[in-house]
1. Considering only residues of the stretch 183-198 that are among the aliphatic types (A, V, I, L, M) and open to solvent by 40 Å² or more (accessible area, probe 1.4 Å), which is nearest to Ser234 (Cα to Cα)?
2. Among residues belonging to the stretch 356-367 that are without any contact (Cβ under 8 Å) to a residue 60 or more places away in the chain and open to solvent by less than 40 Å² (accessible area, probe 1.4 Å), point out the one that is nearest to Ile293 (Cα to Cα).
3. Looking at the stretch 114-138, which of its residues are over 30 Å from Asp290 (Cβ atoms) and under 33 Å from the mean Cα position of the chain (by Cα)?
4. Show the residue pairs meeting these rules: Cβ distance below 9 Å; 6+ apart or different chains; first residue within the stretch 36-62 and more than 23 Å from Glu99 (Cβ to Cβ); second residue aromatic (Phe, Trp, Tyr) and surrounded by 15 or more Cβ atoms within 10 Å (Cβ to Cβ).
5. Return the residues of the stretch 203-258 that are closer than 16 Å to Asp160 by Cβ, open to solvent by 40 Å² or more (accessible area, probe 1.4 Å) and part of a strand (DSSP E or B); say none if nothing qualifies.
6. Take the stretch 383-401 and flag every residue that is within 21 Å of the chain's Cα centre (by Cα) and in contact (Cβ under 8 Å) with a residue 12 or more places away in the chain.
7. Look through Glu417, Glu380, Glu407 and report the one residue that is under 22 Å from the mean Cα position of the chain (by Cα) and of a type in the set (Asp, Glu).
8. When you go through Val75, Val39 one by one, which is the residue that is assigned to a loop (DSSP other than H, G, I, E, B) and touching a helix residue (DSSP H, G or I) at 6+ places or on another chain (Cβ under 8 Å)?
Amino acid sequence: MKITREDLQNREVVLTIAVTDEDVEPYIERAYKRAVGRVNVPGFRKGKAPRAVVEQFVGKHALEDDALDIMLPEVVVKAIQEQEIKQGSLPQVQVIEREPITIKATVPLTPEVTLTAYREIRIPAEPVVITDDQVDHLLQHLREELAPWEPVNREVVLGDQVILELIARLDGSEVANQKDIPYFVAEENMSPVPGFAAELLGLNSDQKKDFTIKLPDDYQDENLASKEVEFTVSIGEIKAKNLPELDDEFAKSVGQGYDSLENLTKQLKDDIFTREKRSSDLQYENAVIDKLIESSSFEMSPLILDHEVEHMLDEQQQNLRNQKVEMEQYLERIGKTPEDHREELRTAAEDRIKRSYAIGKVAELEGIVVTPEDVNIEIETVLSEAGAQADRIKENLASDEGKQSIERVLTRRKTLEQLVKIAKGEHKSA
């Protein structure tokens, strides 16, 4: 195998790999062994036909193509290792000649990151302040969660629950006929169609009403957009929440050992602070990373960016399929073309790559080290919090790949902690 190397200016290396017949022979043999086990050659037991017979039966070019499929990734990996190339992503590979076999592999190098005075980053940290209104809002939410629905003798207002009978007609045909439907009367309730809840306001128990609602032009079901739906509604029972008094008895009814409203209020305030502090820390962290990116310069191969875009597209398509939605449907719903969507992902992909490599560069310069002991402690922590899932994930975490993944997570975490200290002026130079 002869390798010719050409270093390009855009962080790419082109390897031209000339493969000899001697190099190819083991792969032809492997292709034969794979083929002989899956084809039925007349006159021979399966898996026993000689190579020359199998080659004649399936075709010489077919066997060579199979050999190429096996050979390409292995030969390219070997060439990259021999050239001691630090690749940043998958190479672009093509066969440029068949006789003799010559392979061209364009290998993207890891992006080059130049940091400018990252130790001079300073961002003031805003204190987390919890207001009485936040606590009161959460207390009110708890009251509504615990309050029972009770019948009331009055007109329907927002926040009520009603039991109703409903008949719906579209283009003169009945499309729904339901009885004893519990319905929550709220502005944000878009069921069965937008504007339905507002039509119930002011009605009394046992009152009947006919009304028509025109569906919006941008209605989610385009077959129904702009059409008129005729409704006949009969109100049965009207119920409202009977909110409990905010006192010690209410605190006890919440459970979890609260014996007074004061203790409950204190815990809610602590919970809000924990949540707000976590959100504030994350925002601060992102602000520090943004500042780091601003003060850095990057040089990267377009192939790395293309690969990241494809990776993000694959992730998104899988998430959509889990929701029983196809990419075409999603793009139509958000009003974007595939080209527009790909361009947006390209911007996000570039940001993701820059963040990853800039943080990695800081880790290198700061000498961030994650020890095997750190990894083992993290595994134990994850397993202790996994509950019933611990046995299922233990093997994955303990594998080499799992440990490497945890090491990357811990390296990033330690690096960000260091960057935050620098930005707050808390880090002392050695």
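The values are calculated or read from the model by the stated rules, or taken from the named source; none is laboratory data. Quick caveat, the model's predicted, so the values are computed rather than measured. Neighbour counts are summed over all protein chains in view; Cβ atoms, including those assigned to glycine, are modelled from backbone coordinates with ideal geometry. Accessible surface is based on the protein model in full, side chains and every heavy atom, while ligands, DNA and RNA are left aside. Shrake-Rupley method; radii C 1.70, N 1.55, O 1.52, S 1.80 Å.
1. Here is the first cut: in the stretch 183-198, the ones among the aliphatic types (A, V, I, L, M) are 185-186, 190, 193, 197-198.
Cutting the leftovers down to open to solvent by 40 Å² or more (accessible area, probe 1.4 Å) gives us 190, 198.
Numbers: Met190: 19, Ala198: 15 Å.
Going through the qualifying residues, I end up with Ala198.
2. Applying the first criterion (without any contact (Cβ under 8 Å) to a residue 60 or more places away in the chain) to the stretch 356-367 yields 356, 363-364, 366-367.
Add one more test, that the residue is open to solvent by less than 40 Å² (accessible area, probe 1.4 Å), and what stays is 363, 366.
Numbers: Ala363: 14, Glu366: 17 Å.
Residue satisfying both the conditions and the ranking: Ala363.
3. At the first step, the residues of the stretch 114-138 found to be over 30 Å from Asp290 (Cβ atoms) are 132-133, 135-138.
If the condition is that a residue be over 30 Å from Asp290 (Cβ atoms) and under 33 Å from the mean Cα position of the chain (by Cα), then Val135, His137, Leu138 are the ones that fit.
4. Correct list of pairs: Val36/Phe44; Val39/Phe57; Val41/Phe57; Pro42/Phe57; Ala49/Phe57; Pro50/Phe44; Val53/Phe44.
5. Here is the first cut: in the stretch 203-258, the residues closer than 16 Å to Asp160 by Cβ are 203-207, 209, 233-243.
Of the ones still in play, those that are also open to solvent by 40 Å² or more (accessible area, probe 1.4 Å) are 204-207, 209, 237, 239, 241-243.
Within the stretch 203-258, Lys209, Glu237, Lys239, Lys241 meet the criteria.
6. Residue satisfying the conditions is Leu397 alone.
7. Exactly one residue qualifies, and that residue is Glu407.
8. Numbers: Val75 fails: assigned to a loop (DSSP other than H, G, I, E, B).
Just a single option satisfies the conditions, and that option is Val39.
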